[in-house]
Amino acid sequence: MKHFVILLLLGFLLLLNSCSGAVDVAEVDSGEDEVLMSVYEAPVDAENEQDTINEENTMTNRVAVFDTSMGEFSMELFEDTMPITTGNFIKLANEGFYDGTRFHRVIVDFMIQGGDPQSTDTSKQNLWGTGGPGYAIEDEHVAGEKLSNVRGSISMANSGPQSGGSQFFINVVDNSFLDWDKEPSSSKHPVF
């Protein structure tokens, strides 16, 4: 049901394609008015325990809460298995990098993409999708992990090997052909 609600929200975003506002990483009770994304320790859902629950019965991964102009949704960040990718995402969010950005690339029955700092300026719409943080992070692919580009997952966007930075996409359908261990070999998008 949670994934259905997320997909319903994402479908609405597809229609309007106008998500923008401030993005920040803060505690849930920060009281900030312009927060569009917060990353915080997630509560444990006893009815839906996952492998991310440690021996003390607490979740080891944080959850990114995307508070957009179209509503709010959240996603678990797999810090335990994807520390480079999630660490970069959290760092950028903490620095306010995503403030005012839009989901600039929306492809029905495929994905929605965000994280381009140029998407804050509507006069640069022809450049949306080309911006980044000014550096690239290492591709992070973990053998044996069950991280796949399935509906509702978040993945690192890139323009080829070792070129990820700030842009990410959310799969609105199962896109496992984008997994690092699937053909074509150029389709390598780490789920984080």
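Find the residue count for the stretch 116-141, including only residues that are of a type in the set (D, E, K, R), under 13 Å from residue 100 (Cβ atoms) and touching a residue at least 40 places away in the same chain (Cβ under 8 Å). Give the steps one after another, and end with the answer.
Narrowing the stretch 116-141 to residues of a type in the set (D, E, K, R): 116, 121, 124, 138-140.
With the extra rule that they be under 13 Å from residue 100 (Cβ atoms), the set shrinks to 116, 121, 124.
Filter once more, so that each one left must be touching a residue at least 40 places away in the same chain (Cβ under 8 Å): 116.
So the count comes out to 1.
Listed here are the residues, each with its yes/no results for (1) out of contact with any strand residue (DSSP E or B) (no Cβ under 9 Å at 6 or more places or on another chain); (2) open to solvent by 80 Å² or more (accessible area, probe 1.4 Å); (3) free of Cβ contacts under 8 Å to residues at least 12 places away in the same chain.
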residue: 146; (1), (2), (3): yes, yes, yes
residue: 152; (1), (2), (3): no, no, no
residue: 157; (1), (2), (3): no, no, no
residue: 160; (1), (2), (3): yes, no, no
residue: 168; (1), (2), (3): no, no, no
residue: 171; (1), (2), (3): no, no, no
residue: 176; (1), (2), (3): yes, no, no
residue: 183; (1), (2), (3): yes, yes, yes
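In a helix (DSSP H, G or I), charged (D, E, K, R) and either closer than 23 Å to residue 92 by Cβ or touching an Asp or Glu at 6+ places or on another chain (Cβ under 8 Å) (or both): is that true of residue 188 in this structure? Let's see the steps before the verdict.
On the way: in a helix (DSSP H, G or I): no; charged (D, E, K, R): yes; either closer than 23 Å to residue 92 by Cβ or touching an Asp or Glu at 6+ places or on another chain (Cβ under 8 Å) (or both): yes.
The answer is no for residue 188.
How many of the residues making up the stretch 68-87 are open to solvent by less than 50 Å² (accessible area, probe 1.4 Å), of a type outside the set (A, V, I, L, M) and in a loop (DSSP other than H, G, I, E, B)?
Taking the stretch 68-87 as the starting set, the residues that turn out to be open to solvent by less than 50 Å² (accessible area, probe 1.4 Å) are 68, 70-71, 73-77, 79, 81-82, 85-87.
Now drop any that are not of a type outside the set (A, V, I, L, M), which leaves 68, 71, 73-74, 76, 79, 81, 85-87.
Still in the running and in a loop (DSSP other than H, G, I, E, B): 79, 81.
Count: 2.
Please indicate, with yes or no, whether at least one residue in the stretch 88-97 is in contact (Cβ under 8 Å) with a residue 60 or more places away in the chain, surrounded by 15 or more Cβ atoms within 10 Å (Cβ to Cβ), small (Gly, Ala, Ser) and in contact with a strand residue (DSSP E or B) (Cβ under 8 Å, 6 or more places away or on another chain).
Yes, the conditions are met somewhere in the stretch 88-97.
Do the conditions hold for residue 134, that is, is it surrounded by 14 or more Cβ atoms within 10 Å (Cβ to Cβ), at positive phi and either of a type in the set (Val, Ile, Thr) or part of a loop (DSSP other than H, G, I, E, B) (or both)?
Working: surrounded by 14 or more Cβ atoms within 10 Å (Cβ to Cβ): no; at positive phi: yes; either of a type in the set (Val, Ile, Thr) or part of a loop (DSSP other than H, G, I, E, B) (or both): yes.
Answer is no for this residue.
Across the stretch 98-115, what is the number of residues that are open to solvent by less than 10 Å² (accessible area, probe 1.4 Å) and outside any loop (DSSP other than H, G, I, E, B)?
We begin by selecting, within the stretch 98-115, every residue open to solvent by less than 10 Å² (accessible area, probe 1.4 Å); these are 98, 111-112, 114-115.
Those still in the list that are outside any loop (DSSP other than H, G, I, E, B) too: 111-112, 114.
Going through the stretch 98-115 one residue at a time, the tally reaches 3.
The values are calculated or read from the model by the stated rules, or taken from the named source; none is laboratory data. Keep in mind that what you see is a predicted model, and the values were worked out from it rather than measured. Every residue, glycine as well, gets a Cβ built from its backbone with ideal geometry; the counts of neighbours run over all protein chains shown. Protein only, heavy atoms only, side chains kept; ligands, DNA and RNA dropped before computing areas. Shrake-Rupley method; radii C 1.70, N 1.55, O 1.52, S 1.80 Å.
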